[in-house]
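Student: Before we start, here is the structure in question, set down as structure tokens.
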Amino acid sequence: MSRDVLILASGSPRRRQLLEMLGIPVRVVPPNIPELRRPAETAVDYVERLAREKALSVAGTLVLGADTTVVVRDEVLEKPADAADALRMLRKLQGRTHQVVTSVALVAGEAVHQATDVTSVSFRRLPDEFLEAYVATGEPMDKAGAYGIQGYGAALVERIEGDFFGVMGLPIRLVLELLERAGHGYRFEGGSRTAAVTEVG
């Protein structure tokens with residue numbers, strides 16, 4: 001992509017790290033958008049709306065918003081309220097296949113480009129003490145569905161069908177497609193890229 005700095009409208013360190021991995025210059029501006037699902041709003045509609053609202057809430061010429069949620073048997077699992085809620089979610093997920101829905105929205109000038117990923121994740125069947133020990137690590141507390149596949153939560157997973165990065169919260173292939181659509185296609189430069197990251201707020 002060109003050297004324009006991409007503003008990431010997200011406080012997620014995982015999303016920032018994935019962009020840094022590609023050497024994309026990033027400025028982090030966490031949005032102030034209430035994450036409340038509307039009555040009768042599907043999981044896909046919900047994450048798409050939040051991703052757009054996040055991207056549109058931050059000023060800039062190139063702004064990326066994203067949102068992720070977990071769906072199991074038509075129930076939407078967001079970030080747990082506390083340790084007991086995290087354990088409840090993990091009990092519901094264990095031994096089953098669920099969907100991780102992540103939407104990304106890119107505001108480029110007057111245009112809004114958007115794409116959504118749905119990946120299936122199957123959990124191992126695990127005893128309560130294993131799930132309790134995972135909750136005790138603290139890792140589940142800021143993650144939709146109460147687990148992080150890139151951390152200790154990898155021990156819960158039996159298999160995935162789809163995009164690993166989508167489960168992490170930022171499907172890289174879709175982000176690069178949106179940047180291409182907006183005229184900021186990703187390019188390698190000189191065999192390596194360096195990321196410039198600025199935290200705001």
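Student: Taking segment 22-45, which residues are without any contact (Cβ under 8 Å) to a residue 40 or more places away in the chain and not in a loop (DSSP other than H, G, I, E, B)?
Tutor: D45
Student: Further question on the same structure: What number of residues within segment 18-29 are out of contact with any Leu (no Cβ under 9 Å at 6 or more places or on another chain) and surrounded by 14 or more Cβ atoms within 10 Å (Cβ to Cβ)?
Tutor: Just the residues of segment 18-29 that are out of contact with any Leu (no Cβ under 9 Å at 6 or more places or on another chain), to begin with: 20-21, 23.
Narrowing the set further to residues that are surrounded by 14 or more Cβ atoms within 10 Å (Cβ to Cβ) leaves 20, 23.
Residues that pass the stated criteria total 2.
Student: Among the residues of segment 73-92, which ones are closer than 12 Å to A144 by Cα and surrounded by 16 or more Cβ atoms within 10 Å (Cβ to Cβ)? Before you say what the answer is, go through the steps one by one.
Tutor: Of all residues in segment 73-92, those closer than 12 Å to A144 by Cα come to 76-81, 85-86, 89-90.
Selection gives V76, L77, E78, K79, P80, D85, A86, M89, L90.
Student: Search segment 169-189 for residues being of a type in the set (G, A, S) and under 16 Å from V63 (Cβ atoms), and hand back the single one that is farthest from the chain's Cα centre (by Cα). Please lay out each step first, then the result.
Tutor: First, pick out the residues of segment 169-189 that are of a type in the set (G, A, S): 169, 182-183, 185.
Still in the running and under 16 Å from V63 (Cβ atoms): 182-183.
Numbers: A182: 21, G183: 23 Å.
Going through the qualifying residues, I end up with G183.
Student: Looking only at segment 46-79, count how many residues are closer than 14 Å to H113 by Cα and not in a loop (DSSP other than H, G, I, E, B).
Tutor: Residues flagged as closer than 14 Å to H113 by Cα and not in a loop (DSSP other than H, G, I, E, B) within segment 46-79 amount to 14.
Student: Going by what's in this entry, would T42 be described as over 30 Å from D4 (Cβ atoms) and not basic (K, R)? Step through it out loud before you land on a result.
Tutor: On the way: over 30 Å from D4 (Cβ atoms): yes; not basic (K, R): yes.
In short, yes.
Student: Continuing with this model, one more query. If you check R124, R187, which single one turns out to be of a type in the set (D, E, K, R), on the phi < 0 side of the Ramachandran plot and at pLDDT below 95? Steps first, answer last, please.
Tutor: Numbers: R124 fails: at pLDDT below 95.
R187 is the lone residue from the list that is of a type in the set (D, E, K, R), on the phi < 0 side of the Ramachandran plot and at pLDDT below 95.
This table checks each residue for (1) of a type in the set (V, I, T); (2) in contact with a helix residue (DSSP H, G or I) (Cβ under 7 Å, 6 or more places away or on another chain); (3) closer than 23 Å to G162 by Cβ.
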{"site": "R15", "(1), (2), (3)": "no, no, yes"}
{"site": "L18", "(1), (2), (3)": "no, yes, yes"}
{"site": "V28", "(1), (2), (3)": "yes, yes, no"}
{"site": "A40", "(1), (2), (3)": "no, no, no"}
{"site": "A43", "(1), (2), (3)": "no, no, yes"}
{"site": "G60", "(1), (2), (3)": "no, no, no"}
{"site": "L64", "(1), (2), (3)": "no, yes, yes"}
{"site": "D82", "(1), (2), (3)": "no, no, no"}
{"site": "G95", "(1), (2), (3)": "no, no, yes"}
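The values are calculated or read from the model by the stated rules, or taken from the named source; none is laboratory data. Owing to the predicted nature of the structure, the values given are computational and were not obtained by experimental measurement. As a convention, Cβ positions derive from the backbone with ideal geometry for all residues, glycine included, and neighbour counts pool all protein chains shown.
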